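Below: one structure, written as structure tokens.
The values are calculated or read from the model by the stated rules, or taken from the named source; none is laboratory data. This is a predicted model, so every value here is computed, not measured. Every residue, glycine among them, receives a Cβ derived from its backbone with ideal geometry; neighbour counts consider all protein chains shown. Surface accessibility is based on the protein's heavy atoms, side chains included, excluding ligands, DNA and RNA. Shrake-Rupley method; radii C 1.70, N 1.55, O 1.52, S 1.80 Å.
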Amino acid sequence: MQKLIAKFFAFVVIGLAYLFLPLMPLLASIVFFRAKYFLQYPTVLKKMAIHIRALREGPVVHYFEEVVGRIHHVPDEIEGSCVQCGNCCMEKRCVFLEDMGDTRFQCGIYHSPLRRFSNCGSFPINAHDIERYACPSYSVVKFSPRVVATAVV
Ligand code: SF4
């Protein structure tokens with residue numbers, strides 16, 4: 001049931017994203033207080049289209065199913081620290097990802113409180129997250145009882 005609800009909300013979010021796509025560089029500048037998204041309109045518009053396509057490949061469903069829904073689950077115990085490889089930023093397709101050179105990347109909207117309404121602020125929440133994006137520096141030290149229980153059955 002939770003998956004169906006998550007898919008429904010993802011469908012609505014993606015639909016709205018496509019509806020407002022032509023305005024997205026302007027909206028991004030206003031919402032995140034960054035003039036450059038508006039000033040580089042054509043480039044950001046292209047990147048936004050790539051961003052939305054990447055969102056359709058699972059991150060939005062994951063957000064509604066695992067991030068919003070996770071209050072019911074004991075999370076896996078995870079250790080490590082980020083080496084800024086950009087993998088979890090939808091394989092470097094996030095429109096807000098900034099190349100720092102030397103294969104390191106940073107989030108252009110890291111300052112925004114709105115990040116918590118995304119997967120970004122909670123990554124990684126479980127082993128699946130780490131595997132999905134081949135994160136090189138986080139690892140699970142203890143799986144949640146839910147995972148262990150399902151493995152045992
Ligand atoms: S995949 Fe891991 S190391 Fe790479 S940016 Fe994300 S959290 Fe950091």
Problem - Among residues of segment 112-138, those that are at pLDDT 90 or above and open to solvent by 80 Å² or more (accessible area, probe 1.4 Å), counted - result: 3
Exercise for the section: Could you list, in sequence order, all residues of segment 1-16 that are hydrophobic (A, V, I, L, M, F, W, C) and open to solvent by 90 Å² or more (accessible area, probe 1.4 Å)? Expected result: 1, 4, 8, 9, 11
Exercise for the section: Just give me the residues in segment 123-136 being within 11 Å of the ligand (Cβ to nearest atom) and of a type outside the set (D, E, K, R), in sequence order. Expected result: 123, 124, 130, 133, 134, 135, 136
